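Notes for the one structure printed next.
The values are calculated or read from the model by the stated rules, or taken from the named source; none is laboratory data. The structure presented is a predicted model; accordingly, all values stated were derived computationally and were not measured. Please note: Cβ atoms are built from the backbone with ideal geometry, for glycine as well, and neighbour counts cover all protein chains shown.
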Amino acid sequence: LLFASAEILGCSGLASLRVTNLTEETIKVGVPGPYSGPAAEKGEHLKYGIQLAAEEINGKGGFLGKKVELVFADTEAKPEVGVSAYEKMVTRDKVQFIVGEVNSDVALATLDVVARYRIPTLYAIPASDELGKKVKSNPQKYAMVFMVDIPVSVMQSGSFLWLDEATKAGKLKVKEKTYALIYEDSSWGRIVGETWKNNMEKIGWKNVLTEVTPFKESEYMPILTRVKKLNPELVKIEITSLPAGVAITKQIAEMGIKSYIFGGYYQKTIEFPRMAGSFAEGSFNIREPYAPDWDKKIQKRFPKADPIASMFSYDSLYILGEAISKAQSFEPEKVTKALLETDHRGVFMRTVFDPETHFARFGKEYKLFGVAMFKNGKLELIWPPDYAQLKF
């Protein structure tokens, strides 16, 4: 049995025809990711998650009785390499669906590839808001593209929900609701800094100090002297450099600053707990919630797997499977229609796609980044309550 779908692209008059042979015993799913180069570690965790999902799904009979065959393609986290890798997956390897990817720049570069060949695609980790804007700008062209994560612009939002709840409940011992903001002079630092300024004002917190530091700064004593003098009840720090993050963490302790500390990206690196030691104890950060015992489950099969980095691809393959089951078909248009109706409760909360951007919806009833606290060298989730690993 053969079926085909065609799309006229733009005003060029060129048509793209994709033919899928449904007599094959397997369903080929392309899994792009950075499997070599500086981002290879992230690619490995992506691979762990989807491999576990495929093993479980195939153990139950596969998709509509057909076993899932994973086809891995190395993008090296480079857009130009990604475009070539995606082309090869479709034209040479004949994949029928794509599930994977880590890098947002690669995802943006490959949007037109998956649109041209009409391949239902679930980007597992890419979260640039630009992806949603592209889908919204041309919904017909990018109809088959979906993002399983929430967009970057709302990743910090859980922080403010928690701060507001914890303050009102008396869990955070504050009187004046004052905070200091320290962030690095980078695009990421500025985005997070402005997000905190805007949202903290909305929930009634007063900014008493804002400091923008050079990237990879190591000497924070002058800034921390001002922080200690002003004595804000909370200090938010957004730094991506691990050495800089360790430096400011230790210098805060040396200065005897007693404010609540809400850390940044530097705290989420594998090496941070070892390098910072006890100096990080009691500080907060955002972290993705995951289902109870997920870490034990994935690490039983793959001992080196990171529970967070592996859960996106795991959920993504199950989301695709549910859509195929609902559609009772492998036809791209029917599967896409079913994907739009997704309501999946997986490892990372609940996935429902926004009909305009095709990003996973944000919110307490859908997906959000929770809040975690360092305890005994581990960043343990304390909110939302249903996913809490530690009572606060």
I'd like to check something: does the range 330-344 contain any residue that is of a type in the set (Lys, Arg) and outside the structural domain of residue 63 (by TED's automatic domain parsing)?
no
Tell me, yes or no, whether the range 184-195 has at least one residue that is assigned by TED's automatic domain parsing to the domain that holds residue 377 and at pLDDT 95 or above.
no
Select, from 27, 57, 119, the only residue that is in a strand (DSSP E or B) and either crowded, with 24+ Cβ neighbours inside 10 Å or hydrophobic (A, V, I, L, M, F, W, C) (or both).
27
So if I check each of 106, 99, which one is of a type outside the set (D, E, K, R), assigned to a strand (DSSP E or B), touching a residue at least 60 places away in the same chain (Cβ under 8 Å) and touching a Gly at 6+ places or on another chain (Cβ under 9 Å)?
99
In the list 64, 111, which residue meets the criterion of being under 28 Å from residue 349 (Cα atoms) and more than 21 Å from the chain's Cα centre (by Cα)?
64
Can you tell me which residue in the range 138-157 is nearest to residue 384 (Cα to Cα), limited to those that are hydrophobic (A, V, I, L, M, F, W, C) and in a loop (DSSP other than H, G, I, E, B)?
155
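Residue-wise test of (1) in contact (Cβ under 8 Å) with a residue 24 or more places away in the chain; (2) under 30 Å from residue 29 (Cα atoms).
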position: 126; (1), (2): yes, yes
position: 134; (1), (2): yes, yes
position: 140; (1), (2): no, yes
position: 151; (1), (2): yes, yes
position: 154; (1), (2): yes, yes
position: 159; (1), (2): yes, no
position: 164; (1), (2): yes, no
Considering the range 260-306, residues that are in a strand (DSSP E or B) and aliphatic (A, V, I, L, M), and then whichever is farthest from residue 182 (Cα to Cα), we arrive at 286
Any idea how many residues of the range 28-54 are touching a residue at least 24 places away in the same chain (Cβ under 8 Å), over 15 Å from residue 70 (Cβ atoms) and acidic (Asp, Glu)?
0
The lone exception for residue 138 - which of (1) in the same structural domain as residue 42 (by TED's automatic domain parsing); (2) buried (at least 23 other Cβ atoms within 10 Å of the Cβ); (3) at negative phi it fails
(2)
I'm told residue 183 meets every condition in (1) out of contact with any Leu (no Cβ under 9 Å at 6 or more places or on another chain); (2) free of Cβ contacts under 8 Å to residues at least 40 places away in the same chain except one. Can you identify the failing condition by its number?
(2)
Just one of 235, 208 is under 25 Å from residue 157 (Cα atoms), buried (at least 21 other Cβ atoms within 10 Å of the Cβ) and touching a Ser or Thr at 6+ places or on another chain (Cβ under 6 Å); which is it?
235
Selection from the range 219-250 of residues that are among the acidic types (Asp, Glu) and either modelled with pLDDT of 95 or more or within 20 Å of residue 194 (Cα to Cα) (or both):
233, 238
Might you check whether a residue that is of a type in the set (Asp, Glu), assigned to a strand (DSSP E or B), free of Cβ contacts under 8 Å to residues at least 12 places away in the same chain and surrounded by fewer than 17 Cβ atoms within 10 Å (Cβ to Cβ) occurs anywhere in the range 343-351?
no
Based on what the data block shows, is residue 126 assigned by TED's automatic domain parsing to the domain that holds residue 313, in a loop (DSSP other than H, G, I, E, B) and under 13 Å from the mean Cα position of the chain (by Cα)?
yes
Please tell me if residue 374 is part of a strand (DSSP E or B), outside the structural domain of residue 132 (by TED's automatic domain parsing), hydrophobic (A, V, I, L, M, F, W, C) and closer than 24 Å to residue 165 by Cβ.
yes
Does residue 254 qualify as being modelled with pLDDT under 95 and over 20 Å from residue 192 (Cα atoms)?
no
For the structure I just gave you, tell me whether residue 220 is in the same structural domain as residue 188 (by TED's automatic domain parsing), in contact (Cβ under 8 Å) with a residue 60 or more places away in the chain and not small (Gly, Ala, Ser).
no
How many of the residues in the range 14-36 are of a type outside the set (Ser, Thr, Tyr) and either within 15 Å of residue 49 (Cβ to Cβ) or at pLDDT 95 or above (or both)?
8
Hey, does the range 290-310 have a residue that's surrounded by 20 or more Cβ atoms within 10 Å (Cβ to Cβ) and farther than 23 Å from residue 384 by Cα?
yes
Residues 316, 283: which one is in contact (Cβ under 8 Å) with a residue 60 or more places away in the chain, of a type in the set (S, T, N, Q) and outside the structural domain of residue 146 (by TED's automatic domain parsing)?
283
